[in-house]
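Every read-out reported here was derived from the displayed coordinates using simple, explicitly stated rules and does not represent laboratory data. Keep in mind that this is a model prediction, so the values were computed, not measured. Every residue, glycine as well, gets a Cβ built from its backbone with ideal geometry; the counts of neighbours run over all protein chains shown.
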Amino acid sequence: MPRTLPRFFFVTADSLSPFPTITWTDAGTTHTARWRSEAGVAPPKRVVVADDRMTADAAYRQACEGVALMWHGDFHNARQLLQAMARRIDRKAPRKPAASPLDAFNQHRQAQAQRARTLGMVLIPLEADYSIALRRAPDMREACREAYGPADGPSVVSLRELQGLVGAYEWRKKGVEIAALGARIHPHYGVFSPVRGEYVDLVARVPLPSPSVDLAFDIGTGTGVLAALLAKRGIKRIVATDSDPRALACARENIERLGLAADVEVMEADLFPPGRAPLVVCNPPWLPARPSSPIERAVYDPDNRMLRGFLDGLAAHLAPGGEGWLIVSDFAEHLGLRTREALLSMIEAAGLQIVGKEDIKPQHPKASDPNDPLHRARVAEVTSLWRLAAR
């Protein structure tokens, strides 16, 4: 059959709908469905219906031009098409060498964003119950329910996002082994997984401020891994805070699974809970840059907002003689995003003093990969636990 493309169809926004919608036409019938994007990406402005006749070259060209492909063919073929498009992105001529680590970082993020935009143009329609009415489509209903909540009608999502939430679903079922904890942590979709163990190892090995510490705050708990570790170290009561609903649900589930519900209270709060504690722990996002998706908020902290908030509020939440443990990498320093002097100035301005520091080198694979675009910064990176006290 000839490889012809359907005409363009334009997205419409239903003013009565509380969420974005996308509209397309197939065989003379117009369809409208909810548009789903965890990153908050707007619905594509131009949509064509595509099937198994679409070549990878044509799909890549359309996606680069901002044209989305509403897939109505075989599901397995859609996945192969996406892989072929990714290979075409990878074959593009490399950028000129970066003049500095900061330039390398900016180029890397720009390339990542462009890659996400291009690969996000292959769209999959979901039925009202999250089923997929395509040939050889797997049953992804449970993964969608865990990520999006109860089904509420037909919707459309990019295949790339769909693959991500299914991967997260499998990760949640299997869990991540945490050696220092002697147990598995099960991350929810949208909650950053504790795959980098350096910060966990630091919290496991640094001596507590006092053997009699009976209360600790874990600020920005995420999966709850540090709160669980503090409980395993013998602290009788831990208050773990977060402001993200998915993180709160994830932490509560992990704490329950580990049998630590009597020791750990998970509380919704913007940084600190009420009161003071002899130990306050925080592992804020390490890079002062703008996140491009909700899960990146665990990595990127615009203008050091969380870091500054933790430091500025720490003294008021430390019990006499207590310590605040700030776990942060110097990766931002090697990238030119923040200086060591700036960090020390923040600590001093917050009325804090440094009483100790423990360092650890990264153990993740990218740290030893010379082909990584940020290799110069990664090979020099050190993660530190700063022990802070009120002046």
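Looking only at residues that are within 19 Å of the chain's Cα centre (by Cα) and β-branched (Val, Ile, Thr) in region 200-233, which one is nearest to LEU279 (Cα to Cα)?
Result: ILE219.
Can you name every residue in region 205-222 that is over 14 Å from TRP325 (Cβ atoms) and in contact with a helix residue (DSSP H, G or I) (Cβ under 6 Å, 6 or more places away or on another chain)?
Matches in region 205-222: GLY222 only.
Is it true that PRO194 is touching a residue at least 12 places away in the same chain (Cβ under 8 Å), of a type outside the set (A, V, I, L, M), under 19 Å from ASN254 (Cβ atoms) and in contact with a strand residue (DSSP E or B) (Cβ under 9 Å, 6 or more places away or on another chain)?
Judged against the criteria, PRO194 is a match.
Report, by residue number, each residue of region 129-140 that is of a type outside the set (Phe, Trp, Tyr), touching a strand residue (DSSP E or B) at 6+ places or on another chain (Cβ under 9 Å) and surrounded by 13 or more Cβ atoms within 10 Å (Cβ to Cβ).
Selection gives ILE132, LEU134, ALA137, MET140.
For ALA147, which of the numbered conditions (1) buried (at least 19 other Cβ atoms within 10 Å of the Cβ); (2) part of a loop (DSSP other than H, G, I, E, B) fails to hold?
(2) is the only condition that ALA147 fails.
Out of region 161-212, which residues are touching a His at 6+ places or on another chain (Cβ under 6 Å) and farther than 18 Å from LEU385 by Cα? Spell out how you get there, then give the answer.
To start, the set of residues in region 161-212 that are touching a His at 6+ places or on another chain (Cβ under 6 Å) comprises 172, 175, 196.
Selection gives ARG172, GLY175.
Select, from VAL355, VAL328, VAL281, the only residue that is hydrophobic (A, V, I, L, M, F, W, C), without any contact (Cβ under 8 Å) to a residue 60 or more places away in the chain, within 21 Å of LEU208 (Cβ to Cβ) and surrounded by 20 or more Cβ atoms within 10 Å (Cβ to Cβ). I'd like the intermediate steps shown before the answer.
Working: VAL355 fails: surrounded by 20 or more Cβ atoms within 10 Å (Cβ to Cβ); VAL281 fails: without any contact (Cβ under 8 Å) to a residue 60 or more places away in the chain.
Being hydrophobic (A, V, I, L, M, F, W, C), without any contact (Cβ under 8 Å) to a residue 60 or more places away in the chain, within 21 Å of LEU208 (Cβ to Cβ) and surrounded by 20 or more Cβ atoms within 10 Å (Cβ to Cβ) holds for just one of VAL355, VAL328, VAL281, which is VAL328.
Looking only at region 95-110, filter to residues that are free of Cβ contacts under 8 Å to residues at least 40 places away in the same chain and part of a helix (DSSP H, G or I); which one of those is farthest from MET54 (Cα to Cα)?
Step by step, filter region 95-110, then rank; the result is ASP103.
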